[in-house]
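The values are calculated or read from the model by the stated rules, or taken from the named source; none is laboratory data. This is a predicted model, so every value here is computed, not measured. Ideal geometry is used to build each Cβ from the backbone, glycine not excepted, and the neighbour counts take in all protein chains shown.
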Amino acid sequence: MNPFAFQDRQLFAENVRLADIAETAGTPCYVYSRAYIEERFRAFDSALTGREHFVCYAVKANSNIAVLNLLARLGAGFDIVSGGELERVLAAGGDPKKIVFSGVGKTRAEMRRALAVGIYCFNVESEAELEILNAVAAELGKRAPVALRVNPDVDPSTHPYIATGLKESKFGIDIARAGAVYGHAKSLAHIQIIGIACHIGSQLTDMVPFVQALDRVIELAGALLDQGVALQHLDLGGGLGIRYNDEQPPTPEEYVRAILAHLKKKGARYESLRLIFEPGRAIVGNAGLLLTRVLFLKLGAERNFAVVDAAMNDLMRPALYDAWHDITPVSVNAPRTLRVYDVVGPVCESGDFLGRQRELGIEADDLLAIVSAGAYGAAMSSNYNTRPRAPEVIVDGNKFYIVRRRETVAELVAPEALLPK
C-alpha cells in the first residue's frame, strides 16, 4: 500500500489531509501511517509462518512509544542497543522474552537491568564484553543468554557509515576467531550460549550480501553443532532497504523466502533453529514523512533556495549521508512557476539542507512533504540551535493522534543552571 496519496489535488495520509494535521500540530512535524507499519510487520511475520521465529523490530529506526506499542500488540520482538531503548520497549508493553540486546558498548548497569527483566538474548560483540557480562551475571546469581555477533567480512555495498560487516568495522567478532571465542564462552559459568548473530549493514537492496553472510554463519553453526554447542537460534539481523528514489529492494516476503530457500539447501539439521530477523527501516521508513512549511523563497543568480521551517536537526540524513528524500508540495491546487531549488532549513550550517536541486512549483507558506522519513528521522533529531524537536503524529484511517508533542524552549533549558555568584 501507499499510505500517502493525492485526493482532489491534496496530499493525504491514509484518509486525513496533511493540511489538517499541519493546522493542528504545526510544522515541522512527523506523520506516520498506522496501517503501513502494521502491514510491513505482518509481511515479515507471515513469510515466516511454519518456522519458529522472532521478528525483532530495530528500535533505533523509530523509537516512538506509540509505534513500539503498535508492534508489541502484533507480537513483535525488539532489537535494542541501549538501556534507554529497553525502558521504551517495556513502557510500550513489549515482551522482555522477545528482546535481543545488541550494541558494542553495553554498560554494567544496562547489563544488570536487562538480566533483571529477563531479556531473551545478549548479542555479544567483543571478548571484553563477554567477560564483563559473565561477571555481572555472577553478581546476580544468573546465567546470561548470549549469541556472539560475528563479523563475516561481507561487503554490503551501502553507505560506509551504515556498513557493519567488514573487517575494519567496530561491530562484531571476526568470524575467523569466533570458534575460539565460543569455546571460551562455553567455559564461563554464568554464560549460556543460545545462538549466533550477524548484521552486515543497513539499506541493502540486493540479496547477494545477505546470502554470502548466511553461508558463513551456517558454516560456523555447523562447526559449533559438531562440537556439541546447543544452539537455539540464528539471528540474521536486519538491513533490508527501502525505496527512497529509484532503488528496487526485495519485498519482505521475497527477502525472507530467499533466506529460507537458501537455508533449506544447507540441510535438515538447521531446520529446528529459531530464526530471528531485525528489520527497522523496512517497517517504518516509508510509513512516515516530515511535514514542513516554506518560510521564504530566496532567488539568486547561481542558486534558488526554498527556506523551510524544518532543518537538519529535524532530519539529519541528508546532511549526514547526503541521503535523498523526495520532496513534494502538499497541495497542487494553484498553478506555480517551476524553478529548481535547494530546500534548506534555518539552522546556521551550510550542511543544513533537506534536498538539493529540486524542481518545484511553490510559494511562501506552502506546505511540503519530505517523504520516506519514518526511519532515522525523529529518532536522530536534536535540539541544535535550541530548536524544539518536532511533534510526531500517527494517522489511523480518518483520525490522527499526536503521539509526541512539540517540546518548549523552557523544557530545553530547564535542566541547566547558572554558576553561583
**Request:** Could you list all residues from segment 339-357 that are buried (at least 18 other Cβ atoms within 10 Å of the Cβ) and out of contact with any helix residue (DSSP H, G or I) (no Cβ under 8 Å at 6 or more places or on another chain)?
**Result:** TYR341, VAL343, VAL344, GLY345
**Item:** Identity of the residue in segment 366-378, within 17 Å of the chain's Cα centre (by Cα) and assigned to a loop (DSSP other than H, G, I, E, B), that ends up surrounded by the fewest Cβ atoms within 10 Å (Cβ to Cβ)
**Value:** VAL371
**Asked** Can you find even one residue in segment 70-85 that is charged (D, E, K, R) and within 14 Å of the chain's Cα centre (by Cα)?
**Response** yes
**GLY179 at pLDDT 90 or above and either part of a helix (DSSP H, G or I) or not charged (D, E, K, R) (or both)** = no
**Item:** Search result, residues across segment 100-113 that are of a type outside the set (S, T, N, Q), closer than 17 Å to TYR57 by Cα and not in a strand (DSSP E or B)
**Value:** GLY103
**Request:** Return the residue satisfying two criteria in turn: it lies in segment 379-421 and is touching a residue at least 60 places away in the same chain (Cβ under 8 Å) and assigned to a helix (DSSP H, G or I), and of such residues it is farthest from the chain's Cα centre (by Cα).
**Result:** ASN385
**Message:** Looking only at segment 30-50, filter to residues that are out of contact with any helix residue (DSSP H, G or I) (no Cβ under 7 Å at 6 or more places or on another chain) and outside any helix (DSSP H, G or I); which one of those is nearest to ALA282 (Cα to Cα)?
**Reply:** THR49
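Conditions tested, residue by residue: (1) among the acidic types (Asp, Glu); (2) assigned by TED's automatic domain parsing to the domain that holds LEU263; (3) touching an Asp or Glu at 6+ places or on another chain (Cβ under 9 Å); (4) in contact (Cβ under 8 Å) with a residue 40 or more places away in the chain.
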| residue | (1), (2), (3), (4) |
| --- | --- |
| ARG177 | no, yes, yes, no |
| GLN192 | no, yes, no, yes |
| ILE196 | no, yes, yes, yes |
| LEU204 | no, yes, no, yes |
| GLY228 | no, yes, no, no |
**Message:** Among the listed residues PHE101, PHE54, identify the single one that is in contact with a Lys or Arg (Cβ under 9 Å, 6 or more places away or on another chain), crowded, with 23+ Cβ neighbours inside 10 Å and at pLDDT 95 or above.
**Reply:** PHE54
